[in-house]
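The structure under discussion appears below in the form of structure tokens.
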Amino acid sequence: MVKRLFALIVFQCFFLVAFSANYLTFTAEEENSSFSLVSFGKSNPDVQYSMDDGVTWVQMLSGDSITLEHVGDKALLRGDNPEGFSMNTEADISMFILTGSIAASGSVMSLVDRVGESDEIPTPRCFQNLFKLCDGLTSAPELPATTLTEGCYEGMFLGCSALTKAPALPATTLAKTCYRHMFSSCSNLVEVPELPATTLEEGCYASMFAYCSSLTKTPVISATKLAKECCWRMFTQCTSLKEIAALPATKLADKCYWDMFAGCTCLTDAPALPATTLANSCYEGMFSKCTSLTKAPELPATTLANSCYEGMFSKCSSLIETPVLPATTLDTCCYEKMFSECINLTKVQSLLATTLSRNCCTGMFMGCTSLTEAPALPATTLAQNCYMAMFSQCAGLTKAPALPATTLASNCYSGMFASCTSLTETPALPATTLASGCYEVMFNECSGLTEAPALPATTLAAACYRRMFANCTGLTVAPALPATILAICCCESMFEGCASLTEAPELPATTMDESCYMYMFSGCESLAKAPALPATALAPMCYAGMFQYCKSLTEAPDLPATQLEDECYQGMFYDCKNLSKIKVNFTAWDEHVFSNYLINEDWVAGVAPTGTFICPESLPKEYGTERIPEGWNVVYFDRSAVEDVGGETPFVWTEDLSVCVRHIGWVELYDLSGNRLCRMQGDAYNPVRLSLPAHGVYVVKTENKSVKVEL
């Protein structure tokens, strides 16, 4: 009798404990569903399961698979893991793998305290990735903890595509990355919990609901003071999202809203953003790729921060008007790509900024193809890259804003109007003090441009004009280039591809710098006359490719230099199909001067099949694409280049653009039409020097002799 009474008491105690416990429970919603535990690294938690409502418990090891044969079959789970279910590393974790269709219920805390009563998560990363990629999980267990730890729920339900409702999250004080990726890619999730937390930590909500493509409404985020990266990519690619709850925060933190709603393609309205003092990258990419967004929120902040608005509305293709931007002092990258590729943007509010910073407006309106009018830019003191590519690819822009600055900064205007194919009116460029790359690619591919602005600077900077007007196919006349002090790559490819350019500017500089004129007129197929190149002190690659593909060029400029530098003439006249005259002053061939062995663009490859090569007699007569063109006649300017037309000839030779005659008596110079150009009397002491108006064929006559001269 006593034994029976004792057994009854034990059973009743067991029943009361089992009844009061809140075990994590798996219930089959499909026949032969199963679950298993997989542990990685050093993780080895204590896990037990019961198939008879807690009467008997079986130890579960990593790799064990438990089958729930019938719909409604259930398994209770518990564990004694006071040091956490998974360990405090990304590699040492334990997670469930589910097959079929299983609904979870009860408290996940039973995996820690055996009964599911605790509301305190004991260690960092405790439940990290617990149900990751369990696409058969139809409902989530309870998450009652109010004391959280770093990464405790990180990735917990990531990729659970059958999950439609998220569990309540009662914690009001969060921990670092505690909810990061928690429901990411739960593609059928439609109901999310309130987020009552008022104390946030770094990355706490990062990517929490990213790629939840069925989510239509966001929960309220109660916190008014944010933390670093707290909402980073929180709702990225939630492509059904239409309603955003208020964002009351006024105290922001670095990257707090970074890419928060990026790719939410159904979003038409943005929430108010009341903060007036910003933080680094706080709104960066916040609404990028929100292709249905038609109106931007007001941005009242006057104190900006690094990259604060960078890419904020990038690729918002339905946005037609920008908000007012009241700040007068900009910070590094603050407006970078802010409205880039907003292809329907037509109205831009004035920019009030007068104090710029590095990269502040880089790419700000890049690719805004409907923009026809640019805002005023009143700043007179520039900063590195400040306007770089600001209006690049704005195909509808016809007029550029005034640019009043006279002192420039590195790359300040680089690519500013590149590919603005409708641009016909350029601003004045009054600056006389340049900086490296300041005008680089500024009007590249502006095919509607017919006239270039004046460039008054006389001292250039590295790459300052590099590709400035490249591929401006409508440009017919180049601006004057009075500069006499060059810099490395200063005019590289400046007019490359300007197919309508017929007149080149004078190039008065006599001291070169490395690659200074490299590819300068490459592809200028209408250019019939090259500018004079007076320099005798050259630099590596200074003229490399300078006139390549200039198919209208018939005569090369004189090349007076006697000392050459590496690749200084490499590809200089490559594929100039009609070029038939070259004059040089060097006396030796050097394979490092004329050839480009990587792309086979030798200096005279592809010139006219016949022509005249004028050179010193001491230059070896060697032919080829890197020497004297095959089929060309060679004329030596430092000895008589004459043809006797009868009788004894006087002593005649040529020097530069002059014919020298040693003769006592009258000497006359005629052109081939018989027009006398000049007449001088010689004596026994000095030769007669007859100046020629241009290169060509002339006739020298004395009292009884006639000599043909070609120069």
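The numbers here are math on the coordinates, done by the rules we state, and not lab data. Values in this document were obtained by computation on a predicted structure and should not be read as measured data. Cβ placement follows ideal geometry from the backbone for every residue including glycine, while neighbour counts extend to all protein chains displayed.
Side notes on the structure shown:
- Amide H to amide H, with H built 1.01 Å from N, residue 706 comes under 5 Å of 645, counting only residues 5 or more places away or on other chains.
- By the rule of a C-alpha distance below 15 Å, with chain neighbours fewer than 8 residues away ignored, the aspartates and glutamates paired with residue 217 are 191, 194, 243, 269.
- Computed from phi, the 3J(HN,Hα) profile of segment 100-115 under the Karplus parametrisation 6.51, -1.76, 1.60 (θ = phi - 60°) reads x, 9, 9, 9, 9, 8, x, 9, 5, 5, 5, 6, 10, 10, 6, 10 Hz, with x in place of Gly and Pro.
- With neighbours defined as other Cβ atoms within 10 Å of a residue's Cβ, the residues 181, 695, 70 order from fewest to most as 70, 695, 181.
- Shown for 23, 49, 543: other C-beta atoms within 10 Å of each C-beta, ranked fewest to most, produce the order 49, 23, 543.
- Rounded tilt (10° steps) of 2-20 against the dominant C-alpha axis of the chain: 30
- Distant-in-sequence amide contacts of residue 242, defined by a placed amide H-H separation under 5 Å and a gap of 5 or more residues or a different chain, comprise 217.
- Distance from the alpha carbon centroid of segment 557-616 to that of segment 140-187 works out to 71 angstrom.
- Sequence-distant aspartates and glutamates (8 or more away, or on other chains) whose Cα lies within less than 12 Å of residue 621: 630
- Note on the chain: helix-only mean residue ellipticity at 222 nm, from DSSP H runs of 4+ residues weighted -39500 (n - 2.57) and normalised by residue number, equals -1000 deg cm²/dmol.
- Calculated from backbone phi, Karplus (6.51, -1.76, 1.60) coupling profile of segment 222-238 in Hz, x at Gly/Pro: 6, 5, 9, 10, 9, 10, 3, 6, 5, 10, 4, 6, 4, 10, 3, 6, 7
- Amide hydrogen neighbours beyond the local backbone of residue 553, cut-off 5 Å, H modeled: 578
- Segment residue 380-residue 588, extension gain: residue separation times 0.36 nm, minus the distance between their alpha carbons: 69.7 nm
- Spin-label model, residue 610 to residue 147: label points 7 Å out along the Cα-to-beta-carbon direction sit 10.1 nm apart.
- Residue order, fewest to most beta carbons within 10 Å, for 239, 322, 381: 381, 239, 322
- Efficiency of FRET from Cβ geometry, residue 216 and residue 70, R₀ 51 Å, rounded to 0.05: 0.90
- Partners for residue 228 among lysines (Cα-Cα distance below 21 Å; same-chain residues under 8 apart left out): 176, 251, 255
- Under Karplus coefficients 6.51, -1.76 and 1.60, residue-wise ³J(HN,Hα) of segment 418-433 in Hz, glycine/proline x: 4, 6, 7, 5, 9, 5, 10, 10, 9, x, 5, 10, x, 4, 10, 10
- Linear extension gain, residue 292 paired with residue 57, 0.36 nm per residue minus alpha-carbon span: 79.1 nm
- Size of electric dipole in the chain: Cβ of Lys, Arg +1 and of Asp, Glu -1, about Cα centre, debye, nearest 20: 1220
- In this rough spin-label picture, where each label sits 7 Å from Cα along the Cβ direction, the residue 133-residue 243 distance is 3.6 nm.
- Cβ-placed point charges (K, R +1; D, E -1), dipole of segment 450-635 about Cα centre in debye, nearest 20: 440
- Answer label for semi-axes √(5λ) of the Cα gyration tensor in Å (calculated), chosen among [x] 83, 28, 19; [y] 47, 35, 24; [z] 54, 36, 24: [x]
- The peptide list 242-251, 388-397, 401-410, put in order of mean Cβ contacts within 10 Å with the highest first, becomes 388-397, 401-410, 242-251.
- Per-pair calculated FRET efficiency, R0 = 51 Å: residue 329 and residue 617 via Cβ, rounded to 0.05: 0.15
- Placing pseudo-labels 7 Å out from each Cα toward the beta carbon at residue 40 and residue 506 gives an inter-label distance of 7.3 nm.
- Over 20 Å apart at the Cα level, from the set 132/289; 315/347; 347/399; 583/701, are 132/289; 583/701.
- Selection from 485, 421, 320, by position along the positive dipole direction of the chain (Cβ): 320
- FRET efficiency for residue 398 and residue 272, using Cβ-Cβ distance with R0 set to 45 Å, rounded to 0.05: 0.80
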